[in-house]
Amino acid sequence: MGLWRIRATVDDRPGYLSVLTASLALKSVNILAVQVHTTEGGAVDDFLVDAPDVMTGRDLLAAVEKGRGRDPWVAPAEAQALADAPTRALGFAARLVRDPDSLGDALGELLGATEVTWRAALPRTTPPTRFGLARSAMRLADPAGGVYEIVRHEPAFTPAEYARAQSLVEVATAALRAAEEPVTLLLPDGDEITIRRAQTEDLAAVRRLHASHLTVGACRPHRLVAHGLVAVAGERVVGVAGLAQEGEIAEVALLVDDAWRDRGIGVTLLRRLVAQAGHAGLAALVVHVRSRERMLLSTLERLGPAASTEQDADLVTVTLPITPTRATSPA
């Protein structure tokens, strides 16, 4: 006996599904699982079957057509297809809760995609409807930014599959929001600081910090507030960080109050910026560090080998390659 997947459209009327299943039964085909996808053109029935070894794909197609199935599609199946569909979907959701960045892989496996491509933006030739469903492709907004394009040549996608994929996107969205919640950092001396996204209300404090301390990087205060992170002790902003992007490379802007230096704040901000760079698909970060900031330099070394390191007097410039979190890959 051999495992096969069969998909066909039947009229969504009483008795039509039984005609199709009876035609398969006459060929000693055992139906192990069935899913029904409602569409405007009828009910798309997706079967996992166990067929006699002597049966070929052509034989199964003939049986489906004899059972009044339209637009039939038949393909050999793997043993993993025996897994219960809701259980598989819940497994993907659990994976995304732990690792929202695995959304592309989860979508590819859920849909049996031929290719999953992440794009920072769609080409200008793309029709006005940015996201949606076509016969062999669907587009889904990536909650971290950009768009996923998912391709599967056969069988055609159904609205039910699009809804399932969108549900996984919503799980990843919720997980990313949770990951971006403020984080409390306990310093070695017992003080606590909070790392969070900068808000409009922080602009005055960031400007004061920017004006009274030497800033590493070239971001202006309003830019840091719009796109950056802040470290807050009580109600006081003691650190700020952000990325000034130019093409696929971004310069790190990092500023920590002198009274709070060498306590791990800059390291924590830097690690979060590296994660943001991966989400944005950047190729490299340029980091300017004072030579006496040994903790930051040590962190940069642990993050991976630098593409280049240059020193000019007290300033060390490190170019750090970034592995994009989103990438174009076969599913």
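The values are calculated or read from the model by the stated rules, or taken from the named source; none is laboratory data. Keep in mind that what you see is a predicted model, and the values were worked out from it rather than measured. Virtual Cβ from ideal backbone geometry, glycine too; neighbours counted across all protein chains shown.
A few notes on this one:
- Only one of the listed residues (97, 74, 64) is farther than 30 Å from residue 13 by Cα and either under 14 Å from the mean Cα position of the chain (by Cα) or touching a residue at least 40 places away in the same chain (Cβ under 8 Å) (or both). That residue is 97.
- Selection status of residue 44, assigned to a strand (DSSP E or B), surrounded by 15 or more Cβ atoms within 10 Å (Cβ to Cβ) and in contact with a Phe, Trp or Tyr (Cβ under 7 Å, 6 or more places away or on another chain): no
- Complete set of residues in segment 291-325 that are more than 19 Å from residue 275 (Cβ to Cβ), in a loop (DSSP other than H, G, I, E, B) and polar (S, T, N, Q): 291
- Screening segment 143-187 for residues that are under 15 Å from the mean Cα position of the chain (by Cα) and hydroxyl-bearing (Ser, Thr, Tyr) and picking the one that is farthest from residue 103 (Cα to Cα) gives 167.
- Any hit, segment 142-165, residues being polar (S, T, N, Q) and more than 29 Å from residue 73 (Cβ to Cβ): no
- Verdict on residue 180 being in contact with a strand residue (DSSP E or B) (Cβ under 8 Å, 6 or more places away or on another chain), charged (D, E, K, R) and at pLDDT 90 or above: no
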